[in-house]
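Notes for the one structure printed next.
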Amino acid sequence: GSFSSKVNAEKARETLTGRYLNAEIFTKAVKSATTFRVRVGPYKTKDEAEYWLGTIKEISGFAGSFISEVKTKK
């Protein structure tokens, strides 16, 4: 999820971690505002990510969740 409020991002992270999911908040500056993105993972395979996405979408307020691939620098 992407939130303009850090408090709302923290609530989303708490909901996900309460379901035993590894969730982290990342901040990103967009124009003159900061957004707080809640991400779950990482997962080794697309199948694994899709499995957990199904679980996440069952949580109230998370039906619009989706998978995205994030490349990290090593």
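The values are calculated or read from the model by the stated rules, or taken from the named source; none is laboratory data. Since the model is a prediction, treat every value here as computed from it, not as a measurement. Here Cβ is always computed from backbone atoms with ideal geometry, including for glycine, and neighbour counts include all displayed protein chains. SASA here: full protein model, heavy atoms, side chains in, ligands and nucleic acids out. Shrake-Rupley method; radii C 1.70, N 1.55, O 1.52, S 1.80 Å.
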Quick one: in the range 31-42, of everything that is open to solvent by 70 Å² or more (accessible area, probe 1.4 Å) and not in a strand (DSSP E or B), which residue is farthest from S68 (Cα to Cα)? S32
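Every residue, every condition in (1) closer than 11 Å to G1 by Cβ; (2) under 12 Å from the mean Cα position of the chain (by Cα), yes or no:
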position: L21; (1), (2): no, yes
position: R37; (1), (2): yes, yes
position: E50; (1), (2): no, no
position: T55; (1), (2): no, no
Restricting to the range 3-29, count the residues that are under 20 Å from T72 (Cβ atoms) and β-branched (V, I, T). 2
Members of the range 1-19 that are among the polar types (S, T, N, Q) and either open to solvent by less than 80 Å² (accessible area, probe 1.4 Å) or at pLDDT 95 or above (or both): S2, S5, N8, T15, T17
Identity of the residue in the range 49-62, open to solvent by less than 70 Å² (accessible area, probe 1.4 Å) and either part of a helix (DSSP H, G or I) or among the hydroxyl-bearing types (S, T, Y) (or both), that ends up farthest from G18 (Cα to Cα): A49
Long-range neighbours under 9 Å by Cβ, at least six apart or interchain, first residue free of Cβ contacts under 8 Å to residues at least 60 places away in the same chain and within 16 Å of T45 (Cβ to Cβ) within the range 62-74, second among the hydroxyl-bearing types (S, T, Y) and in a loop (DSSP other than H, G, I, E, B): I67/Y43
Among K71, K28, which is in a loop (DSSP other than H, G, I, E, B), out of contact with any Gly (no Cβ under 7 Å at 6 or more places or on another chain) and surrounded by fewer than 11 Cβ atoms within 10 Å (Cβ to Cβ)? K71
Give me the pairs, please: first residue somewhere in the range 7-20 and in contact (Cβ under 8 Å) with a residue 24 or more places away in the chain and more than 10 Å from G61 (Cβ to Cβ), second residue anywhere and assigned to a loop (DSSP other than H, G, I, E, B) and open to solvent by less than 100 Å² (accessible area, probe 1.4 Å), beta-carbon distance under 7 Å, and either six or more positions apart or on two chains. R19/I59
